[in-house]
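The values are calculated or read from the model by the stated rules, or taken from the named source; none is laboratory data. What you are looking at is a predicted structure, and each value in this text was computed from that prediction instead of being measured. Glycine gets a Cβ as well: all are built from the backbone with ideal geometry, and neighbour counts include every protein chain shown. Calculation scope for accessible area: heavy atoms of the full protein, side chains included, ligands and nucleic acids excluded. Shrake-Rupley method; radii C 1.70, N 1.55, O 1.52, S 1.80 Å.
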Amino acid sequence: MRFTVSALLFLLLLLPHAALSSTLNLSFATPAGTSKTQLQLLAEAERFWETLLPGYQPGITINDVVINVYAFDIDGEDGFVAFGRPNGLVKQSGYTLPTRGSVDFDTADLNRLEASGTLFEVLLHEVAHVLGFGTLWEANGVYEIGSGQYTGTNAVNAYRAEFDPVAEFVPAELDGAPGTRDAHWDETWAGGPNELMTGYVEPPLFLSETTIASFRDLGYETRAVVTAIPLPSGIWLTIGGFGLLMVPRLTKRRLRTG
């Protein structure tokens with residue numbers, strides 16, 4: 001059985017969990033003029049990740065992760081629409097973790113993304129990059145640039161359980177521009193192209209236990225899920241550049257990222 005995002009989040013919030021060294025507390029700083037509906041989507045993205053990543057592993061005492069959200073005129077409609085990355089880092093208990101980050105949107109694409117129902121998908125993907133997915137792999141010793149082999153123990157074990165019982169690593173993307181390659185799961189991995197954190201995302205989107213487990217490799221505590229988390233379907237997306245995201249005009253195709 002698969003649940004909607006809202007229903008699954010409600011169920012997850014009811015689950016007990018052990019006391020944590022420090023809880024993950026996300027917050028967004030937004031520019032003037034952010035609409036009420038956009039603020040609501042930010043709140044939902046915050047709740048989504050705080051629910052699945054309720055805190056940190058022992059010895060980590062990060063109080064808050066502040067994500068600045070900006071809107072710029074980047075390149076007009078249908079080009080680059082968003083860029084997510086960590087900006088402030090600390091090293092604790094052997095992990096490199098973010099204390100702040102930013103997500104930049106192209107002003108020409110915001111309203112259309114919201115109207116098409118894809119803005120929430122974009123937010124989830126970009127926040128994952130801010131929290132370290134793809135952006136802090138090398139710093140945490142779970143990936144070597146150019147190898148195509150993610151070796152973090154938790155994600156590899158989850159990948160074996162979910163998709164490939166004999167895998168020795170999780171395949172990472174080696175195609176595309178810098179930021180697309182070496183920062184996402186491979187488009188042709190055994191999990192398929194519909195997972196949220198592949199480099200070229202195709203709906204219907206879902207979030208795998210492999211992705212969630214990868215955050216344990218980065219120093220977070222996670223809540224396990226009993227089924228893959230489906231995400232709202234939307235238009236075809238191409239993601240790259242540490243979360244740099246492009247939207248094709250009409251048909252599914254891979255676009256150049258940079």
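Structure above, values below:
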read-out: Filtered residues of region 147-185 (kept if among the polar types (S, T, N, Q) and open to solvent by 10 Å² or more (accessible area, probe 1.4 Å)); value: S147, Q149, T151, T153, N154, N157
read-out: Complete set of residues in region 37-68 that are out of contact with any helix residue (DSSP H, G or I) (no Cβ under 7 Å at 6 or more places or on another chain) and under 28 Å from F206 (Cβ atoms); value: L39, Q40, A43, E46, E50, P54, G55, Y56, Q57, V65
read-out: Among residues of region 155-187, those that are among the polar types (S, T, N, Q) and at pLDDT 95 or above, counted; value: 1
read-out: Region 186-202, subset open to solvent by 30 Å² or more (accessible area, probe 1.4 Å) and free of Cβ contacts under 8 Å to residues at least 24 places away in the same chain, residue farthest from Q149 (Cα to Cα); value: N194
read-out: Region 188-211 - residue that is in contact with a helix residue (DSSP H, G or I) (Cβ under 6 Å, 6 or more places away or on another chain) and not in a loop (DSSP other than H, G, I, E, B) and, of those, modelled with the lowest pLDDT; value: E209
read-out: L110 touching a helix residue (DSSP H, G or I) at 6+ places or on another chain (Cβ under 6 Å), at negative phi and modelled with pLDDT under 95; value: no
read-out: Residue match in region 150-157 (condition: closer than 21 Å to A43 by Cα, without any contact (Cβ under 8 Å) to a residue 60 or more places away in the chain and not in a helix (DSSP H, G or I)); value: no
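So that you can scan it fast, the table gives a plain yes or no per residue for (1) of a type outside the set (S, T, Y); (2) assigned to a helix (DSSP H, G or I); (3) buried (at least 19 other Cβ atoms within 10 Å of the Cβ):
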| site | (1), (2), (3) |
| --- | --- |
| F48 | yes, yes, yes |
| G84 | yes, no, yes |
| S102 | no, no, no |
| R112 | yes, yes, no |
| A128 | yes, yes, yes |
| T135 | no, no, yes |
